[in-house]
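Each remark here refers to the structure printed beneath this line.
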Amino acid sequence: MKPFWKKMLSCAMAFVCLTGAAAGLTGCHGSKEKAAFEVPESFDTTKQYEITFWAKNDTNIRQTDIYKKTIADFEALYPNITVNLKLYTDYGKIYNDVITNIATQTTPNVCITYPDHIATYLTGSQVVVPLDELMADPAYGLGGSNLEFDSPTQEEVIPQFLKECSLNGHYYALPYMRSTEACYINQDYVEQLGYTVPDVLTWDFIWEVSEAAAKKGADGKYVLNGGDVMIPFIYKSTDNMMIQMLRQKNAGYSTQSGEVEIFNDTTKDILFTIADHVRSGAFSTFKISSYPANFLNAGQCVFAVDSTAGATWMGPDAPLSDISDEAKQSFEVAVRPVPQYDPENMQMISQGPSVCVFYKEDPQEVLASWLFTQYLLTSDVQISYSETEGYVPVTSKAQESAEYQDYLAREGEDADTHYKVKIEAAKLLLNHTQDTFTTPVFSGSASLRDAAGQLIEKTAKSVRRKETVDEAYTDKLFDDVTALYHLNDTLQSTAGKQDLGPLPTTSVVLLSVIGAAWVLILLYVVWQQLQKSKRGD
């Protein structure tokens, strides 16, 4: 019997090794499935394909018209592809609908999105198509030989913008448009207060001028504008505000692998500073007070920070202003990068929509979706869309074209297509592309971004409610925000309990097999003892 059990034990251990190897191979195979799409040898033009395109549009009718023209022009090149457009007013709504439709396998074919959102989509199996093979395909890839349109090559996509679309070492999107944030300034007010607008704003300058603008006279009205309303400094996106301030201070936000570092002493210092300026009435946010542009255009604000894509709303002559002409005040608008702690080492966030493709059962349908996605990067589409707002094209092919250079050169020629503030905002990003950065993207990074803004919003609201903002307050705030956004559940946090998530499937298999092997070993030992007992040993 002993040889038999020895053989059984050897088999068990061999099973452990083989299963472990197989598990390792299974893990690799799973990664490969997620990191590759087999491009069809040719596109079947004899079959009809109907694809859906989810895009975002606010109130800019020109953008809707550009989408419609783009689709019509594309369908003329590919008569067997029909593109159905669905417009949303908010990127968050697109994100929520995609998440909902993943469960029912009714995702769109193509959608405008952000890398943070794609990271969440990727938690599902075969949801978003990795584009590496498609981009590199000699026939249908970027600059491919079998395309019916003049596509940019991969080298002609601005590297900083393309890098934003890389997750886990693979491209899951193409950049569509890019923007950054800008500070839109009532230059007349700054000079009226005795200051000169510098080429690069510093946080010290912003706070000093804002405090001066917040002063009231004996009659209770603001000295600067003689009115009842004045919010010297309004920030539209407080998540960007916190992220950029931390980056400029070289303080923690998150690691590339998803460790949360935002809950640190530098963050506390930033919040204490913000609290001081909220208390004096020098600072507020969009969520508390409303759109910065509305206050700026009405002469009720000195510094308004918003996206460069929002430049068409900024200034008394803004073509898309939301307030009446009677409410507008005449003033000179200055456009500058966001405030910096170190003007010699500028740090500005890069943002803007990207385009991803979703898996479908038919590879030909995926290829049709890819063709349309790639068509969005053609120069005609890029230039016409960028001219609607302060976006910049994502390809050097479009940026360097004679048509786009002519557009930039005609700055201020009119208050519409060549609106001065809008083109200045675009030039700001073109001149500072090398100074832009992006935040790490991982499953849960969208929640962390929301948490960054919530730290500022909650602090500002607490000050307005006359609450004390001190060390104890920020400690509790950190705990509340961590719980609110489930940061301990989805991310590895350096600021609290680490939740590393469930073990990988391969690890579970290995541990199970090892456990089974030990059971066999124990059974063998028991059997030996029983045999000894029978022999009277």
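Counting Cα-Cα pairs of the range 335-467 in 10 Å increments starting at 0 gives whole-percent bin shares of 10, 26, 30, 23, 9, 2, 0.
Between Asp150 and Asp406, what FRET efficiency comes out of the Förster formula 1/(1 + (r/R0)^6) with R0 = 22 Å and r the beta carbon distance, rounded to 0.05? For R0 = 22 Å, the calculated efficiency reads 0.70. Here the residues Glu164, Glu38, ranked from fewest to most Cβ neighbours within 10 Å of their Cβ, fall in the order Glu38, Glu164.
Computed extension gain for Asp416 through Ile288, at 0.36 nm per residue and net of the alpha carbon distance, reaches 43.1 nm. Put simply, when 96-103, 49-56, 293-300 are sorted by average Cβ atoms within 10 angstrom per residue, most first, you get 293-300, 49-56, 96-103. Remark: His117, His486, His170 ranked as His486, His170, His117, counting other beta-carbon atoms within 10 Å and listing the fewest first. Put simply, the amide H of Thr395, placed in the peptide plane, has neighbours under 5 Å in Ile158, leaving out anything fewer than 5 places away on its chain.
Cβ crowding within 10 Å, taken as a proxy for footprinting-reagent exposure, orders Arg279, Arg465 from fewest neighbours to most as Arg465, Arg279. Checking the Cα-Cα distances for Lys268/Lys476; Lys163/Lys397; Lys216/Lys268; Lys93/Lys422; Lys328/Lys420 against a 19 Å cut-off, the pairs over it are Lys216/Lys268; Lys93/Lys422.
Residues whose amide H lies under 5 Å from that of Phe437, counting only those 5 or more places away or on a different chain, are Met348, Ile349, Ser350; hydrogens are built 1.01 Å from N in the peptide plane. Within straight-line reach of Lys221, meaning a Cα separation under 18 Å, sit the following aspartates and glutamates at least 8 residues removed in sequence or on another chain: Glu211. The aspartates and glutamates within cross-link reach of Lys287, meaning a Cα-to-Cα straight distance under 12 Å and a gap of 8 or more places when in the same chain, are Asp239, Glu457. If R0 is 25 Å, the Cβ-Cβ spacing of Val200 and Lys163 corresponds to a FRET efficiency of close to 0.50. If R0 is taken as 60 Å, the Cβ-Cβ distance between Arg279 and Asp44 corresponds to a FRET efficiency of 0.35.
Take 283-290, 404-411, 477-484 and order them by the average number of nearby Cβ atoms within 10 Å per residue, most first; the result is 283-290, 477-484, 404-411.
Coordinate-derived values only; no laboratory data. Please read all numbers here as calculations on a predicted model, not as lab measurements. Positions of Cβ are backbone-derived with ideal geometry, glycine not excepted, and every protein chain shown enters the neighbour counts.
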